[in-house]
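The values are calculated or read from the model by the stated rules, or taken from the named source; none is laboratory data. Bear in mind the structure is a predicted one, so any value in this text is a computation, not a measurement. Neighbour counts are summed over all protein chains in view; Cβ atoms, including those assigned to glycine, are modelled from backbone coordinates with ideal geometry. Note: accessible area is taken over every heavy atom of the protein model, side chains too, but ligands, DNA and RNA are not part of it. Shrake-Rupley method; radii C 1.70, N 1.55, O 1.52, S 1.80 Å.
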Amino acid sequence: DDDVIQWRFGNTLIAEINKREDRITVYDDVLDGRFRDRLKLDNQTGSLTITDITTEHSREYELLINSVKKSFFLFVF
């Protein structure tokens with residue numbers, strides 16, 4: 001119930017769930033709008049979905065849950 005979940009694209013925050021403040025935020029206008037209208041964040045699971053993905057979305061993604069970090073590499077061909 002006190003979880004803070006953050007998704008980052010490189011060093012840029014793109015989505016966040018803050019249970020303490022009961023807030024869900026998607027930052028889809030960052031990086032020149034690269035993620036505009038493409039990000040879906042599941043409040044129950046914290047899962048991030050990127051729709052209509054292209055090669056410009058290839059990179060390292062980081063998931064932080066209460067300061068525990070997991071990294072994912074996404075390659076789009």
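Within region 39-75, the set of residues being open to solvent by less than 90 Å² (accessible area, probe 1.4 Å) and acidic (Asp, Glu) comprises Asp42, Glu56, Glu60, Glu62. Among the conditions (1) touching a Lys or Arg at 6+ places or on another chain (Cβ under 8 Å); (2) at pLDDT 90 or above; (3) outside any strand (DSSP E or B), the only one that Phe35 does not satisfy is (1). Of the residues making up region 2-32, those that are within 12 Å of the chain's Cα centre (by Cα), part of a loop (DSSP other than H, G, I, E, B) and in contact (Cβ under 8 Å) with a residue 24 or more places away in the chain number 1. Of Thr25, Thr12, Thr45, Thr51, all but one fail to be among the β-branched types (Val, Ile, Thr), in contact with a helix residue (DSSP H, G or I) (Cβ under 8 Å, 6 or more places away or on another chain) and on the phi < 0 side of the Ramachandran plot; the exception is Thr12. Which residues, counting only those in region 19-38, are open to solvent by 50 Å² or more (accessible area, probe 1.4 Å) and aromatic (Phe, Trp, Tyr)? Within region 19-38, just Tyr27 meets the criteria.
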